[in-house]
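A short write-up of the structure that comes next.
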Amino acid sequence: MASVTGPSPGKILLEVVTPDHLLLSKEVDYVSAPGSEGDFGVLPGHCHFLTTLRIGELQFRVGEKIEYMSVLWGFVEVTPTKVTVLAEVAEKAEDIDVDRAEAAVRRAEEQLERGGLPSEVEEARVSLEKARLRKKIADRHRQQGRQRVS
Ligand code: ATP
């Protein structure tokens, strides 16, 4: 459990915040985030920096366990002891509704096949990217669950 003085030695406090709530606050060993310029990894003691996020996968490791979240745009601030992700939208893998993501993939693919105004095509392209990401993260989470029980 994180304290007001910071995380335990050798750990990073990872906080993921969306406009309506604090989605995650957890001590972790490693974070990988989808920066606009590419994915980057953070270990404890990392130098300060601030960057923007693209649509992508946030991964964090606690011991041997790797967990996944989808993040859609926003900012990330890194300090030697803390990573703060301010995402426009984010979901934990276990909260993703796979049927909804699959339906969104189908809708976006149909829209792209139909074509349309440049703005409609761009919107469908972004929807497809988001929905495929959600599906990938949810599928991986389900696979992890199956590996744990087998
Ligand atoms: P859809 O087309 O299925 O409505 P969307 O891409 O338009 O999805 P967003 O605008 O990105 O949805 O997100 C709106 C809200 O819905 C956010 O709170 C987001 O976390 C949630 N959300 C979207 N898709 C899913 C999903 N597959 N599972 C769980 N939550 C989702």
Once phi is turned into θ = phi - 60°, what whole-Hz ³J(HN,Hα) does the Karplus curve with 6.51, -1.76 and 1.60 give for every residue of segment 76-92, x standing for Gly and Pro?
9, 10, 10, 10, x, 10, 8, 10, 10, 9, 9, 9, 5, 9, 8, 9, 6
Taking a ≥ b ≥ c as the square roots of the eigenvalues of the Cα gyration tensor of segment 12-94, is the shape rounded (a/c under 1.5), prolate (a/b larger than b/c) or oblate?
rounded
Over segment 40-84, what is the relative contact order in percent, taking alpha-carbon pairs closer than 8 angstrom and at least six residues apart?
46
Could you tally the net charge around residue 100, taking each other residue with its Cβ under 10 Å from the Cβ of residue 100, Lys/Arg +1 and Asp/Glu -1?
-1
At 0.36 nm per residue, and after removing the present C-alpha to C-alpha distance, how many nm does the segment from residue 143 to residue 88 gain when stretched out fully?
17.1 nm
Packing rank of 10-17, 44-51, 60-67, 137-144, where each peptide gets the mean count of other beta carbons within 10 Å, highest leading
10-17, 137-144, 60-67, 44-51
Which of 112, 24, 133 moves most in a GNM of the chain, Cα contacts under 10 Å?
112
For residue 30, distant residues with modelled amide H under 5 Å away:
61
Relative contact order, percent, segment 12-94 [alpha-carbon distance under 8 Å, six or more residues apart]:
32
Taking the chain and dividing mean pair separation by its residue count, relative contact order in percent (alpha carbons under 8 Å, at least six apart)
19
Could you state the angle between the C-alpha long axis of helix 118-149 and the longest principal axis of the C-alpha atoms of the chain, as a value from 0 to 90 degrees rounded to the nearest 10?
50
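Taken together, the values in this text are just the output of simple stated rules run on the coordinates, not laboratory data. Owing to the predicted nature of the structure, the values given are computational and were not obtained by experimental measurement. FYI the Cβ positions are ideal-geometry reconstructions off the backbone, even for glycines, and counts take in every protein chain you see.
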